[in-house]
Structure formats: C-alpha cells, structure tokens
Amino acid sequence: KNQVEQSPQSLIILEGKNCTLQCNYTVSPFSNLRWYKQDTGRGPVSLTIMTFSENTKSNGRYTATLDADTKQSSLHITASQLSDSASYICVVSARYGGSQGNLIFGKGTKLSVKP
Amino acid sequence: DARVTQTPRHKVTEMGQEVTMRCQPILGHNTVFWYRQTMMQGLELLAYFRNRAPLDDSGMPKDRFSAEMPDATLATLKIQPSEPRDSAVYFCASGLGLGQSNQPQHFGDGTRLSIL
C-alpha cells in the first residue's frame, strides 16, 4: 500500500536554530516528492519538487534531500525564523495509477519557532 | 502573482442544508483538485478534473457530494444534505498536469465549513 509517514508530528525550536523534518514513503513506482509549507489558516504552498534523479534541492533557507534507495526524504531549515512556524507536508507522486491523482500525502509536521 | 480563489472563506450552516463551495483556478491551468483537510486525516483528495472533465471522484461520498466544472474559470463542490461529519476545511488546487507531471499544485486558502 502506498503510504507517506512524517516525523516528528510536532517540533518546537528556538529562533535561529536549525531543524530537520523527516519523510519516509512506500510509494511505488516513484515519480517525484514534494514538500509543502502550510501556514495557519492558509492553503499549502510548494517549497520543492524532486524527481528520482535529484538528491537535493534548495529554496532559500529550505533544503530538501531525497534518498530514493531508502525511500527517505528530509527537509532542513537553516537559521529558523518566526515565520517558519507552520505545518510541513510531504507529498509523494506515483508514476501511474488512477486514483488520488497519483499524489499521496503525509499528515505533516507542525513546527513552532519560539523567540 | 496568480492565485486560486475560493469562496466563501467560512460557512456555518445547519445539518441538512445544501452547501456550495466555489473555486476559480489559475488561468491556463488544466487540472483542478478538491481536497478536504481535518486534524485527524490530514489532506484527503475528493475529486479532480483535467481539462474540465472529471477524472476521479472516488474520494467523495457519492450520495451527498458532487463536483462540477461548468467552465474553465469555475469549479464547484456541493454537499446536499450536509452532515456534522462534513465539518472540515475544503481546499481547491489547480496545476498543469497530474502528480507525475513534476508541476506544483497551487492551493487556494480554503473554505472552513462548520455543520451544526
């Protein structure tokens, strides 16, 4: 069964610190992996999309990594800011398969950055 | 920046009433998705369209939910009759292609629905 598991469920860090969020998946055949940021009361916003051949992609202070062999991804946030407080959702796309629009969503990690 | 627009942003109504949620996708996008988000389940896909044609609505309770795209600028999600368990945030997203297209989905800010 195609699944996406994220850890931790929630995380509290101090402003200025770094953190890493994890995503493990069992989706096959794999097409791409996405990270979204969702602020409270808003819709998710795309941070990165990585295909099989990419093992790292950055978007400002956000760096995503992908290990397609172990089916793991991480999202690293550098020098956190208060505005990084949000839920981070990992989404994996299957190469084909009719249901779900080929997108399998994790339940997200809720990050709180404290001053 | 182009955005997906959803209306209304909030809706409170009584059980049994009809609810209609609307979405204006980004101009030029050929796929439209409807999602429901709850604390327990996270984001769940309800239905999606490509070039206005429904491709999959297996995530929706068929007896009460319906999704349509009367034209390229409007997608609707209706619940009739509504039930308290339908209380959730409903998101519309649009994009170019399906999941394997490597294109991001652009989400609206959702309709927060409360059924009393």
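Worth a mention:
- Inside region B:1-16, residues that are open to solvent by 80 Å² or more (accessible area, probe 1.4 Å) and either farther than 11 Å from B:Pro84 by Cα or within 18 Å of the chain's Cα centre (by Cα) (or both) make up a count of 5.
- Within region B:81-99, the residues that satisfy the criterion of being touching a Leu at 6+ places or on another chain (Cβ under 9 Å) and either at pLDDT 90 or above or open to solvent by 70 Å² or more (accessible area, probe 1.4 Å) (or both) are B:Ser82, B:Pro84, B:Asp86, B:Ser87, B:Ala88, B:Val89, B:Tyr90, B:Phe91, B:Cys92.
- When A:Ala64, A:Ala68, A:Ala86 are checked against the criterion of being aliphatic (A, V, I, L, M), out of contact with any strand residue (DSSP E or B) (no Cβ under 6 Å at 6 or more places or on another chain), without any contact (Cβ under 8 Å) to a residue 60 or more places away in the chain and surrounded by 15 or more Cβ atoms within 10 Å (Cβ to Cβ), A:Ala68 stands alone in meeting it.
- Scanning region B:60-80 for residues being surrounded by 14 or more Cβ atoms within 10 Å (Cβ to Cβ) and closer than 22 Å to B:Met15 by Cβ gives a total of 9.
- Boolean, A:Thr48 is part of a strand (DSSP E or B), within 29 Å of A:Pro115 (Cα to Cα) and touching a His at 6+ places or on another chain (Cβ under 6 Å): no
- Looking across A:Ser10, A:Ser53, A:Ser58, one residue alone is modelled with pLDDT under 95 and open to solvent by 50 Å² or more (accessible area, probe 1.4 Å). It is A:Ser53.
- Among (1) under 20 Å from B:Gly110 (Cβ atoms); (2) at pLDDT 95 or above; (3) open to solvent by less than 60 Å² (accessible area, probe 1.4 Å) - the single one A:Phe105 does not satisfy: (2)
- Within region A:28-38, the set of residues being outside any strand (DSSP E or B) and more than 10 Å from chain B (Cβ to nearest Cβ) comprises A:Ser28 only.
- Selected residue (criterion: nearest to the other protein chains (Cβ to nearest Cβ)) from residues of region B:64-116 that are more than 30 Å from A:Phe30 (Cα to Cα) and polar (S, T, N, Q): B:Thr111
- Members of region A:39-50 found to be within 11 Å of the chain's Cα centre (by Cα) and more than 8 Å from chain B (Cβ to nearest Cβ), listed by number: A:Leu47, A:Thr48, A:Met50
- Only one of the numbered conditions (1) over 20 Å from B:His106 (Cα atoms); (2) in contact with a strand residue (DSSP E or B) (Cβ under 9 Å, 6 or more places away or on another chain) is not met by A:Lys57, and that is (1).
- Of all residues making up region B:9-33, the number that are out of contact with any Phe, Trp or Tyr (no Cβ under 6 Å at 6 or more places or on another chain), within 14 Å of B:Leu113 (Cα to Cα) and within 14 Å of chain A (Cβ to nearest Cβ): 2
- Filter pass, A:Phe30 being open to solvent by 30 Å² or more (accessible area, probe 1.4 Å), closer than 28 Å to B:Leu55 by Cα and over 12 Å from the mean Cα position of the chain (by Cα): no
- Number of residues in region A:1-18 that are assigned to a loop (DSSP other than H, G, I, E, B), more than 21 Å from A:Gln81 (Cβ to Cβ) and within 15 Å of the chain's Cα centre (by Cα): the value is 2.
The values are calculated or read from the model by the stated rules, or taken from the named source; none is laboratory data. Source: prediction; values computed, not measured. Every residue, glycine as well, gets a Cβ built from its backbone with ideal geometry; the counts of neighbours run over all protein chains shown. Surface accessibility is based on the protein's heavy atoms, side chains included, excluding ligands, DNA and RNA. Shrake-Rupley method; radii C 1.70, N 1.55, O 1.52, S 1.80 Å.
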